[in-house]
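Q: Below you will find the structure I want to go over with you.
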Amino acid sequence: MLEEIDHVGIAVNDLEAAVKFYEDAFGAVVVHREVIESDGVEEALINVAESYIQLLTPMHDESPVAKFIAKRGEGIHHIAYRVDSCADALKSVVSHGYEAIDPLPRPGSRGTTVAFISPKSSFGTLIELVQE
Ligand code: CO
């Protein structure tokens, strides 16, 4: 069911500084940028083979990423697994008695369909399911 690691989400205060670090240190290339209004974040995606690093910065204090940084500081925010069907994967999680944050799949960035699983169920790691 888990096809690939789609991306690792990293919460940062200064998106431009974080992008500059990856560009300078690793010659990395930003392949996509997007403001995701529903999550209150701006992202920069950096390509790593078939996966991405997703640098995320909050747009305002109510953003879940702002709350994450306030509580735990900058750093790894979530891991995203690529799945064939977000709906099927979400059903599997819920039908086995585990807690989803999103009751139904919803639009993510770059035209994907996503759903988040609660870290309470997944041993402290926020999991995102991504269907391309
Ligand atoms: Co993500």
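Q: Looking only at residues in region 16-64 that are in contact with a helix residue (DSSP H, G or I) (Cβ under 9 Å, 6 or more places away or on another chain) and part of a helix (DSSP H, G or I), which one is farthest from the ligand (Cβ to nearest atom)?
A: Here the answer is P64.
Q: Here is a further query. Scan region 17-49 for residues that are at pLDDT 95 or above, surrounded by fewer than 18 Cβ atoms within 10 Å (Cβ to Cβ) and charged (D, E, K, R) and jot them down.
A: Across region 17-49, the qualifying residues are K20, E23, D24, R33, E34.
Q: Continuing with this model, one more query. Tell me, yes or no, whether region 86-93 has at least one residue that is within 15 Å of the ligand (Cβ to nearest atom) and within 28 Å of F26 (Cβ to Cβ).
A: So far as region 86-93 goes, no, none of its residues is within 15 Å of the ligand (Cβ to nearest atom) and within 28 Å of F26 (Cβ to Cβ).
Q: Closer than 30 Å to D24 by Cβ and surrounded by 14 or more Cβ atoms within 10 Å (Cβ to Cβ): is that true of H60 in this structure?
A: Taking the combined requirement at face value, the residue does not satisfy it.
Q: While we're looking at this one, here's another question. Select from region 1-15 the residues that are in a strand (DSSP E or B) and of a type in the set (D, E) and write down the one among them that is nearest to the ligand (Cβ to nearest atom).
A: Checking each candidate, the answer is D6.
Q: For Y52, are the conditions met, namely being within 13 Å of the chain's Cα centre (by Cα) and either surrounded by 18 or more Cβ atoms within 10 Å (Cβ to Cβ) or touching a residue at least 24 places away in the same chain (Cβ under 8 Å) (or both)?
A: Judged against the criteria, Y52 is a match.
Q: Please determine whether any residue of region 93-107 is in contact (Cβ under 8 Å) with a residue 40 or more places away in the chain, touching a helix residue (DSSP H, G or I) at 6+ places or on another chain (Cβ under 9 Å) and under 24 Å from L45 (Cβ atoms).
A: So far as region 93-107 goes, yes, one or more of its residues are in contact (Cβ under 8 Å) with a residue 40 or more places away in the chain, touching a helix residue (DSSP H, G or I) at 6+ places or on another chain (Cβ under 9 Å) and under 24 Å from L45 (Cβ atoms).
Q: Given the conditions (1) within 19 Å of G75 (Cα to Cα); (2) surrounded by fewer than 18 Cβ atoms within 10 Å (Cβ to Cβ), report the number of the one that V12 does not fulfil.
A: Result: V12 passes all but (2).
Q: Go through (1) of a type in the set (D, E); (2) free of Cβ contacts under 8 Å to residues at least 24 places away in the same chain; (3) more than 14 Å from the ligand (Cβ to nearest atom); (4) surrounded by 14 or more Cβ atoms within 10 Å (Cβ to Cβ) for E74 and report which single condition fails.
A: Exception for E74: condition (2).
The values are calculated or read from the model by the stated rules, or taken from the named source; none is laboratory data. These numbers were taken from a predicted model, which means no experiment stands behind them. Cβ: placed from backbone, ideal geometry, glycine included. Neighbour counts: every protein chain shown.
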